[in-house]
Every structure is written in structure tokens, then in C-alpha cells.
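Novice: Here it is: the structure, laid out below.
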Amino acid sequence: MGIINRFLLLLLSLLTLALSISVLGAVFGWLPESVWLDSLHYAMARQETIAASVVVFLVSLKLLGQVFCCSKDKTTSKGEYVIESGPRGEVRVALDAVRNFTDRLAREAHGVRDVRVVVKARNRKEGATLALQLELVVGREAEVTKLSEKLTTTIQQQLEQTMALTEVPVNIVIKDVSDAQPSKKHRVV
């Protein structure tokens, strides 16, 4: 559940708590009937009450929808990915390492001006899978079909050779075509 849904749930919970305390006060006689009945009549005559009721109703529907929505495929872009597991232990690779490695490989290709790599790791019952999405800014001189084919082949071969990751799908999205010079990322040593 996201931060916005948590905040809406907090507001709805506080509103429900205040309403239930008011009802209990009226039922057990803690509040005189004339006080709460006059206040109720006054509140029902106000337009703000209608607006607040509509907002609370919409928030309730949103939260109810969140209760019943389910994502069948958990996707993460942070953490580690298990390459090999055996009785003597596991070999894991950080997803940041895969992202940085792929970023360097993509920037080496002729015609690539800028790149953004998104690594998606899915945990399924049949086994974990890994997928890459490259968002590229290319130069005018680049032939997109040949560039994407070359990048896909190079990245898949290097991932298999270096990290023993086989059959990693590489999805390439061309975000822009630019005449600007390739962006240089500064290396921190």
C-alpha cells in the first residue's frame, strides 16, 4: 500500500473513530439530546457537510478498491537476484550491479547519447525471472533497428558470460533523437 493510501486510511480511521465516539456519547446519554440534536440539524443544513460526505465516500471507495486489488506479479527494482543456489550457499548479484553493468555497455554503443536502465526482478512460483528495459536517447546517425539488435545481443552475451544470467529479455524504448553530444557520467573512484 502506497503512502497516499496510508494517509487516506489514517484520515478515514480518525473520522470513523470520532463518529463512533459521538454516537456512543448520544446513546449512553453523555451528551444531552438537545445539544447533539441541534448540532446535527445545523450540520445537515450546511453545504460543507454534503461536500465532506462526498469526499469521505470517494476516499472509502478508493480504499475499498485497494483492499480487493491484487498484483499477481511482484516486481522489484532494488535488492539482489539469486544466480545460483546449492547446499554450500548462494551466489547473488545486486540489481544495482546489473543496472550499472548494462548502463556501461549501452553507453559504449555508437549512436547512444544517453541511457536509463530499469531492472525488473519478478518472483514467481515457477522461478525468478529478470528483465531489462533500456530507455535510450540516440543521435540522428543511429539506425535504430541495427542499434537495438546490436545492444540486445551484446547485453545478453555479456550478462551470460559475466554473471551467468541466461535468457534475459531486453526491451528497448527510444525516448528521443538528439544532436547533442553523448552525456558523460563521472566515475567515482
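Novice: Which pairs turn up if I take residues in the stretch 142-158 that are modelled with pLDDT of 90 or more and look for partners that are assigned to a helix (DSSP H, G or I) and open to solvent by 90 Å² or more (accessible area, probe 1.4 Å) with beta carbon separation below 9 Å, at least 6 apart in sequence or on another chain?
Specialist: From residues that are modelled with pLDDT of 90 or more, the pairs are Thr154/Glu108.
Novice: Which residues, counting only those in the stretch 127-178, are of a type in the set (D, E, K, R) and open to solvent by 40 Å² or more (accessible area, probe 1.4 Å)?
Specialist: Matches in the stretch 127-178: Arg140, Glu141, Glu143, Lys146, Glu149, Lys150, Glu160, Glu167, Lys175, Asp176.
Novice: Give me the residue from the stretch 8-20 that is loosely packed, with under 11 Cβ neighbours inside 10 Å and not polar (S, T, N, Q) and, out of that set, modelled with the lowest pLDDT.
Specialist: Step by step, filter the stretch 8-20, then rank; the result is Leu10.
Residue-wise test of (1) part of a helix (DSSP H, G or I); (2) among the charged types (D, E, K, R); (3) modelled with pLDDT of 75 or more; (4) touching a Cys at 6+ places or on another chain (Cβ under 9 Å).
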position	(1), (2), (3), (4)
Ser60	yes, no, yes, no
Lys78	no, yes, no, no
Ser85	no, no, no, no
Asp96	yes, yes, yes, no
Ala106	yes, no, yes, no
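Novice: Take the residues in the stretch 164-189 that are of a type in the set (Asp, Glu) and farther than 28 Å from Glu90 by Cβ; name whichever of them is modelled with the lowest pLDDT.
Specialist: Asp179
Novice: For the stretch 132-163, how many residues are outside any helix (DSSP H, G or I) and either within 27 Å of the chain's Cα centre (by Cα) or of a type in the set (Val, Ile, Thr) (or both)?
Specialist: Matching residues across the stretch 132-163 total 7.
Novice: A further question on this structure: State which residue is most open to solvent (accessible area, probe 1.4 Å) when the search covers only the stretch 28-51 and only residues that are at pLDDT 85 or above and of a type in the set (Gly, Ala, Ser).
Specialist: Once the filter is applied, the top-ranked residue is Ala45.
The values are calculated or read from the model by the stated rules, or taken from the named source; none is laboratory data. Please read these numbers as outputs of a predicted model, since none were measured by experiment. Please note: Cβ atoms are built from the backbone with ideal geometry, for glycine as well, and neighbour counts cover all protein chains shown. SASA here: full protein model, heavy atoms, side chains in, ligands and nucleic acids out. Shrake-Rupley method; radii C 1.70, N 1.55, O 1.52, S 1.80 Å.
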